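Novice: Handing you a structure now.
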Amino acid sequence: ARAVEKATDNVEELEPALTKLGATFIAVGTAITAAFGTVMHEALGNFQEAEGIALKLNAVLEVNGRNVEELTKDYGEWAVALEKTTAMEDDATLKLATMAETMRTTGDQAKKAVEDAIAIAAVNDGAAESYIRFTAAMARGDTETAMAMARMIPQLRGIKDEAMFVAEAEKLMATGMKAARAEMESSAGQMKVLSRDFGNMLGDIGKVIAQG
């Protein structure tokens with residue numbers, strides 16, 4: 001009887017600690033569930049964004065009378081390849097390609113416009129979207145329009161001679177692409193790549209959720 005009483009006393013002494021431990025487990029479980037829900041929501045959002053970009057590209061290609069299936073495949077492979085040499089995310093590249101397609105460039109011309117916009121952005125710490133109209137004009141050989149837009153590019157502003165302008169523009173874009181590729185080797189660039197790859201992984205998860 002004495003042993004039973006002692007055991008009962010011990011349990012009573014432990015009761016507050018056990019109650020606190022149980023509450024802790026519940027709180028941790030709730031936090032984990034909430035975090036999981038947040039990640040799943042973000043994953044679905046990433047997939048929906050990528051899906052939207054792909055649909056817009058297809059729509060633009062169709063309206064422009066392009067070979068939708070062939071160009072979609074070509075652009076997709078090119079965007080993935082560009083991911084391996086720059087910090088650009090493939091969906092962001094496809095978004096730029098869609099913009100280039102609306103500016104009277106397609107195929108290799110559109111790719112050049114996108115890569116050149118990425119290059120100028122790398123040199124001038126800007127957004128590639130800000131330069132795509134200029135680079136699309138350059139890609140299709142419309143130097144007059146490009147020169148009129150050059151006021152937003154310090155390295156080209158004020159150049160009046162067309163031949164010199166083209167030469168300086170090509171030099172700037174070549175230098176910029178080297179800078180974009182070199183960024184991959186920096187710590188900041190590696191952090192961008194990790195963030196990009198994590199986003200891609202979430203997009204893959206989101207695709208499973210959307211289709212499942």
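The values are calculated or read from the model by the stated rules, or taken from the named source; none is laboratory data. Keep in mind that this is a model prediction, so the values were computed, not measured. We place every Cβ from the backbone using ideal geometry, glycine too, and count neighbours over all the protein chains shown. For the accessible areas, the whole protein counts, side chains as well, though only heavy atoms, and no ligand, DNA or RNA atoms are used. Shrake-Rupley method; radii C 1.70, N 1.55, O 1.52, S 1.80 Å.
Novice: What pairs come up if the first residue lies in the range 93-121 and is of a type in the set (Lys, Arg), the second is part of a helix (DSSP H, G or I), and their beta carbons are under 6 Å apart, counting only those six or more places apart or on different chains?
Specialist: As it stands, the answer is LYS95/ILE53; LYS111/TRP78; LYS112/ALA139, since those pairs meet every condition given.
Novice: Right, here's the next one. In the range 30-56, which residues are at pLDDT 70 or above and exposed (fewer than 13 other Cβ atoms within 10 Å of the Cβ)?
Specialist: THR38, GLY52, LEU55
Novice: All but one of (1) within 15 Å of the chain's Cα centre (by Cα); (2) modelled with pLDDT of 75 or more; (3) open to solvent by less than 40 Å² (accessible area, probe 1.4 Å) hold for MET177, so report the exception by its number.
Specialist: Unmet for MET177, out of (1) within 15 Å of the chain's Cα centre (by Cα); (2) modelled with pLDDT of 75 or more; (3) open to solvent by less than 40 Å² (accessible area, probe 1.4 Å): (1).
Novice: Against the conditions (1) of a type in the set (A, V, I, L, M, F, W, C); (2) touching an Asp or Glu at 6+ places or on another chain (Cβ under 6 Å); (3) within 16 Å of ASP142 (Cα to Cα), where does ALA117 fall short? Just the number, please.
Specialist: Going through (1) of a type in the set (A, V, I, L, M, F, W, C); (2) touching an Asp or Glu at 6+ places or on another chain (Cβ under 6 Å); (3) within 16 Å of ASP142 (Cα to Cα) one by one, ALA117 breaks only (2).
Novice: So, ALA7, is that one open to solvent by less than 90 Å² (accessible area, probe 1.4 Å), closer than 30 Å to ARG133 by Cβ and either assigned to a helix (DSSP H, G or I) or modelled with pLDDT of 60 or more (or both) or not?
Specialist: Judged against the criteria, ALA7 is not a match.
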